[in-house]
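The values are calculated or read from the model by the stated rules, or taken from the named source; none is laboratory data. None of the values given here were measured: they were computed from a predicted structure. As a convention, Cβ positions derive from the backbone with ideal geometry for all residues, glycine included, and neighbour counts pool all protein chains shown.
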Amino acid sequence: MNRIDEKFARLRKEGGKAFIPFITCGDPDPSMSEKIVLTLERAGADIVELGVPFSDPIADGPTIQASSQRALNSKVNLRRVLQVVRRIRRRSEIPLALLTYFNPVYQMGIRQFVREAKKAGVDGVIIPDLPLEEAGSLKNFMDEEGLDLILLVAPTSVDERIKMVGQLSGGFIYVVSVTGTTGAREKVPYPVRKLILRIKKYTNKPICLGFGISTPEQVKVIRTWVDGIIVGSALIKVIEKNLKNKHLLEEVEEFAVKMKASLI
Amino acid sequence: MLPDKRGYFGEFGGRFVPEVLVPALKELEEAYLSVARADSFQKELKSYLKDYAGRPTPLYLAENLSRSLGNTRIYLKREDLLHTGAHKLNNTLGQVLLAKKMGKNRIIAETGAGQHGVATATACALLGMECIVYMGKEDIKRQSLNVLRMETLGAEVRCVEGGSQTLKDAVNEALRDWVTNVRTTFYVLGSVVGPHPYPMMVRDFQSVIGKEAREQILQKEKRLPDCLIACVGGGSNSIGLFYPFYKDKVEFIGVEAGGSGLNTGRHAASLTKGKKGVLHGALSYLLQDKDGQIKPTYSIAPGLDYPGVGPELAYYKKTGRAKFATVTDKEALSGFFLLSRTEGIIPALESAHAIAYAKKISSKLQDKLVILNLSGRGDKDMHIIEEFSRGENEQNR
């Protein structure tokens with residue numbers, strides 16, 4: 001059982017829901033990312049997703065694209081992200097999941113990536129352009145090391161695939177709320193409720209919803225359907241707006257506290 | 001028969017896409033295999049290719065060019081004479097017709113130089129489909145005439161401001177559109193790249209080039225050629241020519257864009273200088289840095305300006321079935337003028353790479369029978385020639 005599994009076990013016992021913020025590691029720079037993660041933990045984050053910047057992020061909308069570009073401008077790569085993870089691990093046991101496109105992992109070498117991620121203290125990995133058909137050898141290595149390869153379900157996924165993802169996904173099931181890219185949206189996509197019910201037919205694993213979740217009002221509607229929510233672009237917007245503000249961390253904390261509170 | 005069921009050519013290809021697209025690609029694959037390969041579809045497509053697009057294109061013995069290179073026989077496959085001025089229409093007519101049969105009336109496409117965008121807009125005008133073309137801001141500036149052509153044909157051109165603002169970013173944005181509108185939208189990809197089944201489907205639609213050329217050369221010369229030469233960006237015109245000769249004892253030569261030179265970092269030679277990696281849904285050779293970030297590319301020929309290459313060509317390289325070489329911008333320009341002045345045919349700058357390479361290796365082509373794919377005509381490039389000459393003049397001053 002790794003930190004993600006332990007977290008959900010505890011949440012289930014207490015009847016809680018997971019608040020999972022996402023940030024791009026290195027936006028605006030690695031040491032600030034470290035501080036942001038620790039701040040998020042203090043504000044009540046249950047798991048943190050750390051994004052590895054990539055030059056061609058096809059699943060991301062404008063907010064995360066820009067964030068990824070800022071991190072690339074700070075010369076951040078997969079190795080430096082793992083360094084940040086190591087530094088966080090000196091001070092925190094918060095469950096950490098990396099979100100990375102496949103090519104940086106492939107260039108490092110998948111076996112080496114899994115070893116180094118494990119050693120650094122990563123718990124799970126999400127790869128938006130690696131569907132389960134292509135995940136074979138990476139998944140095997142991760143299983144050996146006890147790391148979770150967290151798989152995604154989309155509104156277009158058919159039952160047969162949902163069943164397979166339900167069986168194979170580690171940690172939790174990442175449900176994409178809409179057909180679309182990442183980015184803050186105002187409304188709750190209601191059809192997602194049916195999708196979640198379909199997933200529950202096939203698995204007891206925790207189900208977390210991401211893409212477009214940005215306000216406490218949305219969360220209040222969604223929270224009874226799922227085991228956790230993932231908030232990316234809305235948080236990145238807070239960071240983006242306060243890049244030059246010395247109170248950046250306070251702003252992040254305030255946003256996170258508010259989102260966490262809406263889950264209770 | 002390649003690709004295999006998972007869309008692999010040996011170790012290359014596959015389907016590295018977000019989950020939301022997986023069902024759409026499966027649907028496309030099924031529709032392609034059941035609808036597009038059926039006789040009735042092929043008959044309908046063939047009729048459009050013949051009466052609308054102007055196929056078969058001639059296989060022309062370029063005697064003046066051949067003579068200027070010594071004792072060789074070079075035939076040009078005249079894709080420049082196809083409607084819209086390049087081979088791209090072979091593919092877009094096929095894909096847009098398939099989209100129509102699938103009931104998807106919203107078409108999206110990416111374009112770099114604008115040739116694939118124009119070919120898509122043309123097929124959409126013909127078949128009554130809505131057409132949106134993504135194009136990098138930088139390319140819009142460089143290829144304003146093609147923007148106007150697409151708009152004239154009724155397409156909407158959407159400016160892509162992310163990344164390097166060129167072809168690769170236009171593909172990114174088209175993929176993002178597709179992720180969002182996947183239920184109603186058909187993505188017409190312009191080359192033999194992307195996730196399975198695109199590399200296979202685009203190859204098949206472009207194979208009409210090689211099928212015709214094979215019949216034509218047998219008729220004219222009563223034998224198969226010694227070698228085939230074509231330029232390689234994503235790879236659609238080269239694979240279109242090569243594929244029908246795959247089992248023949250015919251040498252394949254692909255010519256990549258050497259840009260300012262392979263050691264300058266300013267080129268687009270993904271097969272020659274790239275490493276294996278995953279971009280836009282397939283595993284192939286890519287120009288990338290050691291962290292796996294995609295590098296910016298450069299070529300005087302906008303249609304070759306792409307950091308990746310089709311997985312089937314990667315497989316041809318790995319297995320030695322094809323050889324790949326590069327020529328620089330300057331060499332390509334000399335090929336451009338050579339064909340213009342010996343034959344009265346102004347080639348596209350992309351195709352000029354193939355001509356330049358034939359010139360470069362002319363000593364090896366003696367007594368050889370060659371087919372060179374003249375993938376497009378050069379009208380679209382006149383302003384690039386103008387700018388380049390102006391730059392040269394300024395440097396010489």
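In the set B:A109, B:A113, B:A99, only one residue is in a helix (DSSP H, G or I) and small (G, A, S); that residue is B:A99. Give the residues of region A:126-164 that are at the interface with chain B (Cβ under 8 Å from one of its Cβ atoms) and farther than 20 Å from A:Q107 by Cα, sorted by residue number. Listed by number, the residues that qualify are A:L151, A:L152, A:V153, A:A154, A:P155, A:T156, A:S157, A:V158, A:R161. Just one of the listed residues (B:K317, B:K276) is more than 8 Å from chain A (Cβ to nearest Cβ), surrounded by fewer than 24 Cβ atoms within 10 Å (Cβ to Cβ) and either at pLDDT 95 or above or out of contact with any Ser or Thr (no Cβ under 7 Å at 6 or more places or on another chain) (or both), and it is B:K317.
If you filter region B:285-314 down to residues that are over 22 Å from B:G162 (Cβ atoms) and not aliphatic (A, V, I, L, M), you find that the one that is nearest to the other protein chains (Cβ to nearest Cβ) is B:K290. Scanning region A:115-125 for residues that are away from every other protein chain (no Cβ under 14 Å), in a helix (DSSP H, G or I) and surrounded by fewer than 24 Cβ atoms within 10 Å (Cβ to Cβ) yields a count of 4.
Is it fair to say B:T57 is in contact with a Ser or Thr (Cβ under 6 Å, 6 or more places away or on another chain) and either at pLDDT 95 or above or not in a helix (DSSP H, G or I) (or both)? Working first, answer last.
Working: in contact with a Ser or Thr (Cβ under 6 Å, 6 or more places away or on another chain): no; either at pLDDT 95 or above or not in a helix (DSSP H, G or I) (or both): yes.
Considered against the rule, which asks whether it is in contact with a Ser or Thr (Cβ under 6 Å, 6 or more places away or on another chain) and either at pLDDT 95 or above or not in a helix (DSSP H, G or I) (or both), B:T57 comes out as no.
If you filter region A:205-264 down to residues that are aromatic (F, W, Y) and over 21 Å from A:D148 (Cβ atoms), you find that the one that is surrounded by the most Cβ atoms within 10 Å (Cβ to Cβ) is A:F255. When A:I213, A:I230 are screened for being part of a loop (DSSP other than H, G, I, E, B), more than 14 Å from chain B (Cβ to nearest Cβ) and within 28 Å of A:I36 (Cα to Cα), only A:I213 passes.
Looking only at residues in region A:57-71 that are assigned to a loop (DSSP other than H, G, I, E, B) and either within 7 Å of another protein chain (Cβ to nearest Cβ) or of a type in the set (G, A, S) (or both), which one is surrounded by the fewest Cβ atoms within 10 Å (Cβ to Cβ)? Please lay out each step first, then the result.
Start the filter on region A:57-71 by keeping residues that are assigned to a loop (DSSP other than H, G, I, E, B), which leaves A:57-61.
Narrowing the set further to residues that are either within 7 Å of another protein chain (Cβ to nearest Cβ) or of a type in the set (G, A, S) (or both) leaves A:58-59, A:61.
Values: A:I58: 25, A:A59: 25, A:G61: 21.
Top of the filtered list is A:G61.
For region A:96-114, filtered to residues that are out of contact with any helix residue (DSSP H, G or I) (no Cβ under 8 Å at 6 or more places or on another chain) and more than 11 Å from chain B (Cβ to nearest Cβ), the residue that is surrounded by the fewest Cβ atoms within 10 Å (Cβ to Cβ) is A:Q112.
Applying the set (1) modelled with pLDDT of 95 or more; (2) outside any helix (DSSP H, G or I); (3) under 18 Å from the mean Cα position of the chain (by Cα) to A:N204 leaves exactly one unmet item: (3).
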